[in-house]
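**Student:** Could you have a look at this structure, given as structure tokens, before my questions?
The values are calculated or read from the model by the stated rules, or taken from the named source; none is laboratory data. Computed from a predicted structure; not experimentally measured. All Cβ positions, even for glycine, are placed from backbone atoms using ideal geometry, and neighbour counts span all protein chains on display.
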Amino acid sequence: SNKTTVLGIETSCDDTGCAVVNSEATILGEFLHSQNEIHVKYGGVNPINAWELHRDNIELAVNTALDDARIGVNDIDAIAVTTKPGLLLSLMIGVKYTNFLAKKYQKPIIPVHHMEAHALVVRIYYNIPFPYLALLISGGHCFLTVVNDVNDFLLIGQTLDNAPGEVMDKAARRMKLKNMHEYSLTSGGKAIELAAKNATNPSLFEFPIPLQRNRDCDFSFSGLKDSLVRKVIKKESEHGLMGDEIIPEVYDLCASFQTSITKHLAHRLERAIKFCEVKNLLNKNAKNIVVSGGVASNDYIFTNLKSVVNHLGYNLYRPPHKVCTDNGIMIAWNGIEKTRKGIKTCQFISQSDVDPT
Ligand code: KG4
Ligand code: ZN
């Protein structure tokens with residue numbers, strides 16, 4: 001048959017993700033080894049630690065995904081692997097293992113850009129034609145991009161400082177959420193989402209919304225983070241807290257903080273839609289917007305962005321929760337999309353083709 005099957009390998013940050021996807025958009029098998037618990041314990045992703053964990057898990061991750069699909073490497077048509085952006089040492093584990101498999105089984109390699117994979121994976125689940133606007137919000141990046149085609153992206157906005165997931169992780173750490181056992185095993189972003197649900201006065205704290213007069217589509221999150229840190233310090237001293245003690249207003253603070261991040265994202269997304277309309281950049285027949293990346297798995301953020309987008313006459317789509325955060329499915333799918341387009345493959349990826357930025 002002319003069905004194509006691709007093995008995808010993702011090791012750019014702290015998740016070892018592998019999956020097998022075919023050209024009918026069927027996920028045949030998958031596996032994810034998350035390092036999150038370990039990194040939460042040590043207060044952030046340590047590159048050496050991440051590298052060791054990828055190295056120890058890559059073979060198991062690939063074999064488990066293949067077993068899950070009930071196939072072997074011989075049955076696949078190509079191997080897709082993340083080559084950029086990410087932590088160099090982490091990326092190299094996926095790339096080296098891909099080179100090894102490609103040589104041993106004589107399979108072509110498809111190099112994948114991690115953020116492009118986040119932007120396209122939604123097409124496994126929904127029929128969203130090009131061009132569409134995508135808001136990519138993760139732990140390392142914040143992009144507004146027009147997706148014109150599989151390998152044609154027009155960047156129209158990005159963060160001037162930190163990424164939204166990064167500030168949520170830092171905020172969670174400063175609020176010491178990991179000391180509350182309900183949140184001890186989750187990412188900072190997820191911990192804030194869960195804690196915010198317990199708020200009794202979600203507007204107790206006020207945050208200034210960044211870049212409100214800024215006439216482009218860029219983002220800034222560092223001011224919100226600094227503002228949160230100042231509020232925590234103030235409350236800690238008011239209550240005379242020390243060490244690992246958590247401020248009693250923590251739920252309300254999480255809710256106010258999450259709301260301010262959401263408002264900023266919504267403002268910038270709204271601007272981007274209007275900009276695209278003026279410049280005639282979007283599909284006239286399919287009014288679809290996509291949000292993806294780890295932060296897009298946040299239901300509060302998604303629901304609020306959706307209502308803003310709907311108000312402007314568009315639909316908002318995202319992949320399922322576990323496919324918003326890093327995974328092998330999006331890498332395999334990118335391989336499928338590139339194969340369909342006839343984009344050229346390679347037999348070997350050299351270290352100079354691996355790019356952390
Ligand atoms: O896309 P991703 O898995 O990795 C990167 O490419 O960075 O995103 C990870 C980020 C982390 O900062 C994490 O705190 C955030 O996504 N995140 C969330 C949620 N789940 C994960 N942020 C807000 N709400 C969530 N539910
Ligand atoms: Zn990511």
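**Student:** Is at least one residue of region 122-133 touching a residue at least 40 places away in the same chain (Cβ under 8 Å) and touching an Asp or Glu at 6+ places or on another chain (Cβ under 6 Å)?
**Tutor:** Filtering region 122-133 for residues touching a residue at least 40 places away in the same chain (Cβ under 8 Å) gives 122-126, 128-133.
Still in the list and also touching an Asp or Glu at 6+ places or on another chain (Cβ under 6 Å): 130.
Within region 122-133, one or more residues are touching a residue at least 40 places away in the same chain (Cβ under 8 Å) and touching an Asp or Glu at 6+ places or on another chain (Cβ under 6 Å).
**Student:** If only one of Lys178, Lys107 is over 21 Å from Ile329 (Cα atoms) and more than 16 Å from ligand 2 (Cβ to nearest atom), which one is it?
**Tutor:** Values: Lys107 fails: over 21 Å from Ile329 (Cα atoms).
Being over 21 Å from Ile329 (Cα atoms) and more than 16 Å from ligand 2 (Cβ to nearest atom) holds for just one of Lys178, Lys107, which is Lys178.
**Student:** I would also like to ask the following. Just one of (1) in the same structural domain as Phe219 (by TED's automatic domain parsing); (2) more than 16 Å from ligand 2 (Cβ to nearest atom); (3) not hydrophobic (A, V, I, L, M, F, W, C) trips up Ser297, so point out which.
**Tutor:** Single failed check for Ser297: (2).
**Student:** Report the residue count in region 262-319 for those that are surrounded by fewer than 19 Cβ atoms within 10 Å (Cβ to Cβ), polar (S, T, N, Q) and away from ligand 1 (no atom under 14 Å from the Cβ).
**Tutor:** 6
**Student:** Yes or no: region 330-338 includes at least one residue that is within 16 Å of ligand 2 (Cβ to nearest atom), in a helix (DSSP H, G or I), under 25 Å from Tyr105 (Cβ atoms) and out of contact with any helix residue (DSSP H, G or I) (no Cβ under 7 Å at 6 or more places or on another chain).
**Tutor:** Among the residues of region 330-338, at least one is within 16 Å of ligand 2 (Cβ to nearest atom), in a helix (DSSP H, G or I), under 25 Å from Tyr105 (Cβ atoms) and out of contact with any helix residue (DSSP H, G or I) (no Cβ under 7 Å at 6 or more places or on another chain), which makes the answer yes.
**Student:** (1) closer than 24 Å to Leu135 by Cα; (2) among the basic types (Lys, Arg); (3) modelled with pLDDT of 95 or more: which one isn't true of Arg213, the others all being true?
**Tutor:** So the condition that Arg213 fails would be (3).
**Student:** Follow-up. Please work out which residue is nearest to ligand 2 (Cβ to nearest atom), limiting yourself to region 132-162 and to residues that are within 28 Å of Gly342 (Cβ to Cβ) and surrounded by fewer than 18 Cβ atoms within 10 Å (Cβ to Cβ).
**Tutor:** Taking the candidates together, the pick is Leu155.
**Student:** Out of the helices (runs of 4 or more DSSP H) lying entirely within region 1-113, which hold 2 or more residues that are more than 21 Å from the chain's Cα centre (by Cα)? First the steps, then the outcome.
**Tutor:** On the way: elements: 36-41, 47-68, 88-105.
Those helices (runs of 4 or more DSSP H) span 47-68, 88-105.
**Student:** To continue, here is another question. Inspect all residues belonging to region 215-223 and state whether any of them is under 19 Å from Thr325 (Cβ atoms), part of a loop (DSSP other than H, G, I, E, B) and assigned by TED's automatic domain parsing to the domain that holds His267.
**Tutor:** yes
**Student:** Go through (1) free of Cβ contacts under 8 Å to residues at least 24 places away in the same chain; (2) aliphatic (A, V, I, L, M); (3) not in a loop (DSSP other than H, G, I, E, B) one by one and return the number of the condition Val232 breaks.
**Tutor:** Of the numbered conditions (1) free of Cβ contacts under 8 Å to residues at least 24 places away in the same chain; (2) aliphatic (A, V, I, L, M); (3) not in a loop (DSSP other than H, G, I, E, B), the odd one out for Val232 is (1).
**Student:** Based on what the data block shows, is Ile48 modelled with pLDDT under 95, more than 16 Å from ligand 1 (Cβ to nearest atom) and not assigned by TED's automatic domain parsing to the domain that holds Asn179?
**Tutor:** The answer is yes for Ile48.
**Student:** Look through Asp152, Asp161 and report the one residue that is in contact (Cβ under 8 Å) with a residue 60 or more places away in the chain and acidic (Asp, Glu).
**Tutor:** None of the others qualify; the one that does is Asp161.
Table: residues versus (1) small (Gly, Ala, Ser); (2) under 27 Å from Lys274 (Cβ atoms); (3) touching a residue at least 24 places away in the same chain (Cβ under 8 Å).
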{"position": "Glu52", "(1), (2), (3)": "no, no, no"}
{"position": "Ile76", "(1), (2), (3)": "no, no, yes"}
{"position": "Ile93", "(1), (2), (3)": "no, no, yes"}
{"position": "Val112", "(1), (2), (3)": "no, no, yes"}
{"position": "Cys142", "(1), (2), (3)": "no, yes, yes"}
{"position": "Thr145", "(1), (2), (3)": "no, yes, yes"}
